[in-house]
Amino acid sequence: MLPSQDEPVKNETESSVGGVSQYDVIIVGGGAAGVGVAIALTHAGVENFLLVDRNEIGSSFASWPDETRFITPSFPSNSIGMLDLNSIAVGVSPAFSMRVEHPTGSEFAKHLQDLSTFFELPIQENTDVVNIEKKDGLFHLVTDDETLLATNVIWAAGEYQYPGAGRFTGSEFCRHTSTIPNYEGLEGDEFQIIGGYESGFDAAYHLAKRGKKVKLFDKDSPWSETSSDPSVSLSTFSFERMRDQRFEENVELFPETLISSVSLTDGIYEITTQDGQTFQSKEQPLLASGFEGSHKFVSHLFEMREDGFPVLTDNDESTTVPGMFLSGPAVRHGSLIFCFIFKYRQRFGIVAQAIASSLDIPTEEFIDAYRSWGMYLDDLSCCGQECLTC
Ligand SMILES: Cc1cc2nc3c(=O)[nH]c(=O)nc-3n(C[C@H](O)[C@H](O)[C@H](O)COP(=O)(O)OP(=O)(O)OC[C@H]3O[C@@H](n4cnc5c(N)ncnc54)[C@H](O)[C@@H]3O)c2cc1C
């Protein structure tokens, strides 16, 4: 049953086996996906669950560079039944509660913490899940100091804390943008950035605003993509930034330029491209080539697609280990990529409904409510359509 926002559901039915707590569901990861799917579980009437995080709720967002902001805008459109693009829960609008259109990571982390408090989510922080096995019908989640038991697991551990290393020789000489606390503190005048999608553009923009010269390399050319899918081409926010005078003056774009190696000799970094060009700088090259993703950590519990993402059932459940669910940006169905909040939140209702049904909880009212808010996407044929040009 859907509670009103002033009547949060509490976790009152935790059971125990041999003194060890046993949950119907454990969610691993307290980011946008974990908190969002936890709220969906409460709305679906699931009570005996636990949300664990190795740090604190929203910690990935909290560790974004200080200057980095959401590229997707928030707007309080809920009043006409269109959920705020950055909302993770039915009836919630970050624009309304924060009065910010493009929140910083810290602001959004605080928003997630506020939601967790408001919905009285059962949370256990500072709990690092180091292994998961399914034995005799129960998942055993080994953490740094105990083993938790659950009938179902929702893996929502995200990507940000699992950065990609870069697929070229000498990538260890580069610094991943996810390790930068702020661009203001980066010393030097000339930077080379490998990866020209959102993170690379964000880094280039903030450095250029400070008068630094930037060379931005990408093996493709995301800024020339004509797709209307922001998982493929750059966001409107980044296109606007590209037209900023400081960006135009200071950033040099290198499309279709594959990096083959980076070396460090006598304090000088040298980038070599596959077509034989070389570029030197005193500053450490920045790596913005994406994330390995936490789904690799649980690859033994999923069949894997050729592209390395888990194969999922229609309920975002593992095809090989029943009860193991995936939530968040690693969800893929065919060619559909659910890597933004407004995309993957549409699957929270699907996962919550599947688990509630398995616990014999009636879900008709839940499905109707979630579907009406665009949070119960069960017909994927509607997605992936290009916008009409005009
Ligand atoms: C620079 C940047 C800008 C972005 N801008 C936007 C945007 O404008 N709009 C948008 O929709 N998306 C944006 N994204 C993507 C967005 O950040 C991700 O979709 C989102 O963070 C994914 O949420 P998540 O809950 O899956 O993962 P996270 O937010 O990373 O949360 C995962 C949580 O799991 C915890 N965890 C990880 N491993 C374990 C473990 N083994 N045990 C216990 N806990 C664990 C972590 O501590 C973390 O709190 C952006 C991403 C980046 C990097």
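Of note:
- Boolean, T265 is at pLDDT below 95 and farther than 16 Å from F217 by Cβ: no
- Qualifying residue in segment 305-328 (condition: within 25 Å of V232 (Cβ to Cβ), β-branched (V, I, T) and not in a loop (DSSP other than H, G, I, E, B)): no
- Single residue of segment 41-76 satisfying the filter (β-branched (V, I, T) and out of contact with any helix residue (DSSP H, G or I) (no Cβ under 6 Å at 6 or more places or on another chain)) that is farthest from E120 (Cα to Cα): T72
- Yes/no for F342 being within 16 Å of the ligand (Cβ to nearest atom), touching a residue at least 24 places away in the same chain (Cβ under 8 Å), within 19 Å of G31 (Cα to Cα) and not in a helix (DSSP H, G or I): no
- Candidate set: segment 140-167, residues that are in contact with a helix residue (DSSP H, G or I) (Cβ under 9 Å, 6 or more places away or on another chain) and in a strand (DSSP E or B); chosen: the one modelled with the lowest pLDDT: P163
- Residue satisfying all of: in segment 284-308; buried (at least 18 other Cβ atoms within 10 Å of the Cβ) and in contact with a Leu (Cβ under 9 Å, 6 or more places away or on another chain); nearest to E198 (Cα to Cα) among these: A288
- Here D360 fulfils each of the conditions (1) without any contact (Cβ under 8 Å) to a residue 24 or more places away in the chain; (2) closer than 14 Å to H43 by Cβ apart from (2).
- Residue in segment 273-303 that is nearest to the ligand (Cβ to nearest atom), counting only those that are in a strand (DSSP E or B) and not hydrophobic (A, V, I, L, M, F, W, C): S281
- Restricting the search to helices (runs of 4 or more DSSP H) fully inside segment 12-114 and requiring at least 1 residues that are within 9 Å of the ligand (Cβ to nearest atom) and assigned by TED's automatic domain parsing to the domain that holds I132 gives 32-43, 59-62.
- Within segment 329-339, considering residues that are assigned to a loop (DSSP other than H, G, I, E, B) and out of contact with any helix residue (DSSP H, G or I) (no Cβ under 9 Å at 6 or more places or on another chain), the one nearest to the ligand (Cβ to nearest atom): C339
- Count of segment 126-143 residues which are within 11 Å of the ligand (Cβ to nearest atom), touching a residue at least 40 places away in the same chain (Cβ under 8 Å) and of a type outside the set (V, I, T): 3
- Residues of segment 268-319 that are on the phi > 0 side of the Ramachandran plot, touching a helix residue (DSSP H, G or I) at 6+ places or on another chain (Cβ under 9 Å) and in contact (Cβ under 8 Å) with a residue 40 or more places away in the chain: G290 alone.
- Some residue of segment 222-235 being in contact with a helix residue (DSSP H, G or I) (Cβ under 7 Å, 6 or more places away or on another chain), modelled with pLDDT of 95 or more and buried (at least 17 other Cβ atoms within 10 Å of the Cβ): no
- Residue that is nearest to the ligand (Cβ to nearest atom), among those in segment 144-179 that are surrounded by fewer than 18 Cβ atoms within 10 Å (Cβ to Cβ) and among the acidic types (D, E): D144
- Residue in segment 321-328 that is more than 9 Å from the ligand (Cβ to nearest atom) and free of Cβ contacts under 8 Å to residues at least 24 places away in the same chain present: yes
- Residue among I123, I88 that alone is in contact (Cβ under 8 Å) with a residue 60 or more places away in the chain, touching a Lys or Arg at 6+ places or on another chain (Cβ under 7 Å) and among the aliphatic types (A, V, I, L, M): I88
The values are calculated or read from the model by the stated rules, or taken from the named source; none is laboratory data. Note that the structure is predicted; figures quoted are calculated from it, not measured. Reconstructed Cβ throughout: ideal geometry from the backbone, glycine too, with neighbour counts over all protein chains shown.
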